[in-house]
Amino acid sequence: MGYAIAEELADEGANVILVSGPVNVSTKKKNINVVSVESAEEMYAESLANFSSCNGAVMCAAVADFTPISNEIQKAKRGSKNWLLELKPTKDISAALGKLKTDNQILVGFALETNDEIQNAKQKLQNKNLDFIVLNSLNEPGAGFRTDTNKVIIIDSNNSMQIYGLKSKKEVAKDIVEKIITLTV
């Protein structure tokens, strides 16, 4: 989804900085600068480092909410006892950018939800100082991960909702970019 949005923005003439985790897709657009990262911490750092020089950000990466407290240096061998993995919350990139956002910047968030979807998305929209949020549900067939399609609801800061049917991610990217354009005019 992120690459589709980046390419749509580039097609509209934007110079795009795409902070990307490990993926199986790429882009050849000259006005897209891909910054590759491996971890949620690296994505947080790169997003914050680049945000002040941008007109906005679209936060569509599915960054894990939690990360291991410690990393193993060597392979953990199977034993007869259970293994306890302790997790800590990752830094919230969207919330951090929402605190830095100026009146001249647009911040778009994504909400991947499984329950109380609209209520949770509206809460994120408000708490993170977003201009709009793109809600997608893991309960919708053909939406989310491992598919080239998505079905979204766009909720803006005025609480107006636009509900879209199942579309290709490229078509969804066009809808998102069109919404961004309406906020810049």
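Derivation of every value follows stated rules applied to the coordinates shown; laboratory data play no part. What you see is a predicted model, and the numbers here were worked out from it, not measured in a lab. Neighbour counts are summed over all protein chains in view; Cβ atoms, including those assigned to glycine, are modelled from backbone coordinates with ideal geometry.
Under Stokes-Einstein, with the Kirkwood radius over Cα pairs as Rh, the value for region 1-97 at 37 °C and 0.692 mPa s is 212 µm²/s.
Is region 138-185 best put as rounded, prolate or oblate by its Cα gyration tensor, with a ≥ b ≥ c the root eigenvalues, rounded for a/c under 1.5, and otherwise prolate when a/b is larger than b/c, oblate when not? Verdict is oblate for region 138-185. Paramagnetic label reach from residue 91 (point 7 Å along Cα→Cβ; backbone nitrogen cut-off under 17 Å): within region 26-58, residues 36-53. Coupling constants for region 16-21 follow from the phi torsions by the Karplus curve (6.51 cos²θ - 1.76 cosθ + 1.60, θ = phi - 60°), and in residue order they are 10, 9, 10, 7, 10, x Hz; glycine and proline get x. In plain terms, the C-alpha convex hull of the chain casts an average shadow of 12.5 nm² when viewed from every direction. At each listed q (0.17, 0.31 Å⁻¹), what is the log10 of I(q)/I(0) that the Debye formula gives for region 26-75 modelled as equal alpha-carbon point scatterers? Reported log10 I(q)/I(0), two decimals: -0.70, -1.38.
Among rounded, prolate and oblate, which fits region 99-185 when a ≥ b ≥ c are the square roots of the eigenvalues of its C-alpha gyration tensor, a/c under 1.5 means rounded, and a/b larger than b/c means prolate? Don't jump to the answer; show the numbers that get you there.
Numbers: a/c = 2.11, a/b = 1.37, b/c = 1.54.
It comes out oblate by the Cα gyration axes.
Potential lengthening of the chain between residue 138 and residue 65 amounts to 24.7 nm, from the contour at 0.36 nm per residue minus the alpha-carbon distance.
Checking the table 128/174; 99/167; 101/122; 88/167; 88/174 against a 27 Å threshold on Cα-Cα, which pairs fail? Mind dumping the intermediate values first?
On the way: 128/174 24 Å; 99/167 33 Å; 101/122 18 Å; 88/167 35 Å; 88/174 36 Å.
In this structure, 99/167; 88/167; 88/174 exceed 27 Å between Cα atoms.
Along region 107-113 the Karplus relation, 6.51 cos²θ - 1.76 cosθ + 1.60 evaluated at θ = phi - 60°, assigns HN-Hα couplings of 10, 10, x, 10, 10, 9, 10 Hz to successive residues, with x for each Gly and Pro.
Of the residues 55, 147, 176, the one whose Cα sits farthest towards the positive end of the charge dipole of region 41-177 is 147 (charges of +1 on Lys and Arg Cβ, -1 on Asp and Glu Cβ, taken about the Cα centre).
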